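> Structure in C-alpha cells, see below.
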Amino acid sequence: MLSALVNEGGPIIWLIGTLAVFALTLTLWKLWRFWVQGVWQGMPEARMLQASEAAPMSARREEAERVAKLELAQMRLGLRGLELIVTTAPLLGLLGTVLGMIEAFQVLQDAGARADPSDLAGGIWEALLTTAAGMAVAIPAGLALGWSESVVEGARLRLEDAAARFFLAEGS
C-alpha cells in the first residue's frame, strides 16, 4: 500500500520522503545533542559559572555572557534545518498538487467530448496525495522544532538566572 502511494505521488513524493528522513534524523540528533550537552542536568549553567569564576574579577560578567552565548548557539544547531523542512514540505506538497492538477486537466482536455469523470477524479486524488504527504512531514517536524526551541528557551532562562544569582552573591 505505502509503495503504491509513493509510486502514485511521483518525484515530489520522493523529495518529501527525503525531507521526512532529514526531519527524523535532525530530531533524533537534537535529542542526542541536548543530552550530550547536559541541558537537562544543568551542565551549561555549570560551565558558564566555572568559566566566570576562572576569569579575572574585572572580566567575569563578560566571560559569563560569552560562555552563555556559546552554550545557546550550540543548543540552536540544527534548528534552522528543521525550520526549513517545516516550511518546505507543505510547499513541495502544494507543488505536487498543482502539477498533478495540470496533468489531470490535460487528460481531460485530451479526452475531449468522451471525457470520463473517473479519469479526472483519479488525477485529483493523486495530486492531493502530495499535499497530504507534505503536511504529514511538516506537522511532526514543526512539533519537534517547537519543542526544541522551548528547551533552548528554558536553558536561556536558567543561564540568566544562574548568572544573576552568581553576581548577586559575588557582590555581597
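> Quickly estimate the mean residue ellipticity at 222 nm for the chain, helices only: each DSSP H run with n ≥ 4 gives -39500 (n - 2.57), and the total goes over all residues, rounded to 500.
Details: 6 runs with 152 residues, N = 172.
After summing the helix terms and dividing by the residues of the chain, the value is -31500 deg cm²/dmol.
> Also, quick follow-up: For region 63-172, give the magnitude of the charge dipole about the Cα centre (Cβ charges: +1 Lys/Arg, -1 Asp/Glu; no others), in debye to the nearest 20.
Numbers: 8 positive and 14 negative charges, 52 e Å.
Using only the charged Cβ atoms, the result is roughly 240 debye.
> Output the 0 to 90 degree angle, nearest 10, between the alpha-carbon long axis of helix 60-76 and the longest principal axis computed from the alpha carbons of the chain.
So the helix axis and the longest Cα principal axis differ by about 20 degrees.
> Right, something else. With each pseudo-label sitting 7 Å past Cα toward Cβ, what's the Ala73-Gln41 distance in nm, one decimal?
With each label placed 7 Å out from Cα toward Cβ, I get 2.4 nm.
> With contacts defined as alpha carbon pairs under 8 Å and 6 or more residues apart, what's the relative contact order of region 1-129 in percent?
Numbers: 85 pairs, mean separation 36.9, N = 129.
For region 1-129, the relative contact order is 29 percent.
> Name the residue farthest towards the positive end of the dipole of the chain from the options Gly10, Phe22, Val107, assuming +1 on Cβ of Lys and Arg, -1 on Cβ of Asp and Glu, about the Cα centre.
Value computed over the given set: Phe22.
> Could I ask something else about it? Using just the Cα positions, wrap the chain in a convex hull and report its mean projected area in square nanometres, one decimal place. Kindly include the intermediate steps, with their values, before the conclusion.
On the way: hull surface 49.3 nm².
Average of the hull's projected areas for the chain equals 12.3 nm².
> Using the crude model of +1 on Lys and Arg Cβ and -1 on Asp and Glu Cβ, and no other charge, please compute the dipole size for region 107-172 relative to its Cα centre, in debye to 20.
Values: 4 positive and 9 negative charges, 41 e Å.
For region 107-172, the charge dipole is close to 200 debye.
> Another one. How many angstrom lie between the Cα centre of region 73-145 and the Cα centre of region 26-69?
Rounded to whole Å, the Cα centres lie 41 Å apart.
> How many nm separate the modelled label positions at Ala169 and Val21, each set 7 Å beyond the Cα in the direction of the Cβ?
Once both label points are built, they end up 4.9 nm from each other.
A short reminder: the numbers here are calculations on the coordinates, not readings from a lab. Just so it is clear, the model here is predicted, and its values are computed rather than measured. Please note: Cβ atoms are built from the backbone with ideal geometry, for glycine as well, and neighbour counts cover all protein chains shown.
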